[in-house]
Structures are given as C-alpha cells and as structure tokens.
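Here the structure comes first, spelled out in structure tokens, and everything after it is commentary.
The values are calculated or read from the model by the stated rules, or taken from the named source; none is laboratory data. The structure presented is a predicted model; accordingly, all values stated were derived computationally and were not measured. Here Cβ is always computed from backbone atoms with ideal geometry, including for glycine, and neighbour counts include all displayed protein chains. To get the accessible areas, we keep the full protein, side chains included, count just its heavy atoms, and leave off ligands, DNA and RNA. Shrake-Rupley method; radii C 1.70, N 1.55, O 1.52, S 1.80 Å.
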Amino acid sequence: MANKNTITTEFLGLNLASPIVLLSGCVGFGNEYTRLEGFSNGDIGGAVLKGTTLEPRLGNESHRVYETPSGMLNSIGLQNPGAHEVVENILPSLEPFETHYIANVSGSTIDEYVEVCRLFDQSNIHAIELNISCPNVKKGGMEFGNDPEMSAQVVEACKGATSKPIITKLSPNQADIKESARRCIEAGSDALAVINTITGMAIDIESRRPVLGNISGGLSGPAIKPIALQKVMQVYEIAGPQNIPIMGQGGISSTNDAIEFLIAGASTIGIGTALFIDPLICNKINVGLEKYLADHSIDGIGALTGSLKKD
C-alpha cells in the first residue's frame, strides 16, 4: 500500500484518501467492486454510482459492448432500477459507507433531472454528478450536453433541487467545451467531470450491420486519452481561475496517464475502462503517484494540479 500522507486530497469539501474516483457504469452501485478480493478502501477517494433515471430502464438491445483497438464501445442504455429503488433499498445496503459515493443522475427532460436530484438529496450520497449526455425528448432528441444553453438550464434547475454539491459531466461531442464549462459554472456547477465518452460505432463486415444494437455507442479507453487530456486543459483555463475543481477522465490506465491529467488541470482522476483490464490498478497508480511526488519534491496532489508549462 502507498503512504497516503502525500496523495490525500480535498474535493468538494470531502477528504479523499486518493485522487482516484471510480467512474459511473464501471462499478455498478459500488458494492459490486468494493467486495473484490484485494480491494482496500484507501485505494480510492470515491465511486460514482450507476447512472440513474426516475423510472426503471431495461437499456438497449444487444450487443451492448464491443472491444476496439485500445478502447471499448458501450451502449448500455442507462439500464437501472429507477431512482426510488436506488435511494430506498440500494443505498442503505452500502451503509456504513466504505468510501465517498457520488450519484449519477440522468434524464430525458429537465423535470426528470430535478426529480431524481430531489430524491438523492434525501439520501446519504456525498455529491451528484449530472450526466447531461442524454437526449432531450422535448427538443427532438438533441443531447443536453451538446448545447451550452441546455446544459446550463439543467444545472440551474438541479442546483435548486438539492443541497448536495453538483458535478457536471461535460460531453466532448460539442463544438466548444470551454463555453459549455463557462455556462455550467455560471449556472452553479460546483465541479466539472471532463470528459464523457466519444460517440462511435463498429460494423460487422459479414452481415454489413452495426455491431451495437443501438448502432452507435460511447468510446472509452486509452484510444481517447489524448482528446480527453486536451479537453481538461481547455476547461481548466475557464474553471481554474474560479477554483472549480475538475475530475479528469478518459483513457487513464497508468500512473503516467494520471500525472498528465493532474498537470493539465484535474484535481481528481477518474478510472473506468482500465478496471476491466486490471481491477486492482488503483493501488498501483497510487504507489506511482506517491513516488513521483517524492522524486520531484512536490508537496501533495494539489501542487501538481494545473502545473502545465506552455512556454
């Protein structure tokens, strides 16, 4: 185990044992991962729970997951038991909390986002992440996250529905992520998660049909890391001066990856697809982070965040 004295960090007023946060959709509702043999609470700072909608959802037709070169396409379709089941039955089973849990809220209308936030506001989760990469049914299916104005509307409405800190998960599938970050911060977002998956697809050349049942899906894994890294740097130019923390994510699968994201402007780092390759990768990254800080005489993760030299 790494000595946590140098890699503990603060995020949204929470004292995290590690800057690592497990990403939504990769660890279910937490207990699917925390019971893993070899896992230690000190390995992570927090976990983002499975995306939750107001009503239960069965998700998309198969196939839902497809491996790509250096990455993975997924099209789960937000399968979940619904917010009432999560708040009333699943969350109590996680108590006493083994780490900091963050709810992930999704919806097809602003009203749905608000109602799910209200339900989670009555629970013991520590923060709420808004998944705004969802289609707005009242706008013909356009994703909330691809329009800065709609993104801001979701944030503002949810901010009024909960006292929990709000983390807005920004989509890379938009023209100007900096403008979206600016609008979300103005609307009250307490932190930003950068980035969500990148839209992609795969084709079966024998049948000449899409591999995924939903045709397209979200690309994650090492393949998207250079894109995610640049987006973190761009968003930090907006968020950094306002002391809005960034959860950097997208293809992080090694200590070096994590360090790059911190230098670019992230305060915490999200691990997702890498868990499918090595479920115990978090402790290895922690050990590497501590060694890097010691080797470079850097006093903690906070001193590394946003330290990129552009000249």
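Out of all the residues in the range 84-111, which are under 21 Å from residue 143 (Cα atoms) and either open to solvent by 40 Å² or more (accessible area, probe 1.4 Å) or in contact with a helix residue (DSSP H, G or I) (Cβ under 8 Å, 6 or more places away or on another chain) (or both)?
Narrowing the range 84-111 to residues under 21 Å from residue 143 (Cα atoms): 103-111.
103, 105, 106, 107, 108, 109, 110, 111 - these are the residues of the range 84-111 that are under 21 Å from residue 143 (Cα atoms) and either open to solvent by 40 Å² or more (accessible area, probe 1.4 Å) or in contact with a helix residue (DSSP H, G or I) (Cβ under 8 Å, 6 or more places away or on another chain) (or both).
Residue 292 meets each of the listed conditions (1) of a type in the set (Phe, Trp, Tyr); (2) under 23 Å from residue 171 (Cα atoms); (3) surrounded by fewer than 21 Cβ atoms within 10 Å (Cβ to Cβ) apart from (2). If you take the residues of the range 155-208 that are in a strand (DSSP E or B) and polar (S, T, N, Q), which of them is most open to solvent (accessible area, probe 1.4 Å)? Among them, the one singled out is 199.
Sub-6 Å Cβ pairs linking a first residue in the range 65-94 that is free of Cβ contacts under 8 Å to residues at least 60 places away in the same chain and part of a loop (DSSP other than H, G, I, E, B) to a second residue that is open to solvent by less than 80 Å² (accessible area, probe 1.4 Å) and of a type in the set (S, T, N, Q), at least 6 apart or interchain, are 78/53; 78/106, ordered by first then second residue.
Among residues of the range 126-137 being in a loop (DSSP other than H, G, I, E, B) and at pLDDT below 95, the one that is nearest to residue 199 (Cα to Cα) is 133.
Evaluating residue 279 against the criteria (1) part of a loop (DSSP other than H, G, I, E, B); (2) within 15 Å of residue 44 (Cα to Cα); (3) touching a strand residue (DSSP E or B) at 6+ places or on another chain (Cβ under 8 Å) leaves one unmet condition, (3). Looking at 269, 285, can you tell me which residue is open to solvent by less than 30 Å² (accessible area, probe 1.4 Å), at pLDDT 95 or above, under 15 Å from residue 22 (Cα atoms) and not in a helix (DSSP H, G or I)? Residue meeting the stated conditions: 269. For the range 70-118, the set of residues classified as over 23 Å from residue 169 (Cα atoms) and among the aromatic types (Phe, Trp, Tyr) consists of 97 only. Selection of the range 68-83 for residues being open to solvent by 70 Å² or more (accessible area, probe 1.4 Å) and over 20 Å from the mean Cα position of the chain (by Cα) yields only 69.
The set of residues in the range 1-34 that are under 14 Å from residue 279 (Cβ atoms) and modelled with pLDDT under 70 contains only 34.
Among the residues of the range 269-285, the one identified as more than 13 Å from residue 252 (Cα to Cα) and polar (S, T, N, Q) is 283.
Considering the range 41-62, and only residues there that are crowded, with 17+ Cβ neighbours inside 10 Å and more than 12 Å from residue 83 (Cα to Cα), the residue that is nearest to the chain's Cα centre (by Cα) turns out to be 48.
Only residues that are surrounded by 17 or more Cβ atoms within 10 Å (Cβ to Cβ) and among the charged types (D, E, K, R) were counted across the range 209-226, and they come to 1.
Could you tell me which of the residues 42, 77, 46 is of a type outside the set (A, V, I, L, M, F, W, C) and touching a helix residue (DSSP H, G or I) at 6+ places or on another chain (Cβ under 9 Å)? If you could, list the steps in order and put the result at the bottom.
Values: 77 fails: touching a helix residue (DSSP H, G or I) at 6+ places or on another chain (Cβ under 9 Å); 46 fails: touching a helix residue (DSSP H, G or I) at 6+ places or on another chain (Cβ under 9 Å).
Residue meeting the stated conditions: 42.
Selection of the range 10-33 for residues being β-branched (Val, Ile, Thr) and either open to solvent by 20 Å² or more (accessible area, probe 1.4 Å) or not in a strand (DSSP E or B) (or both) yields only 27.
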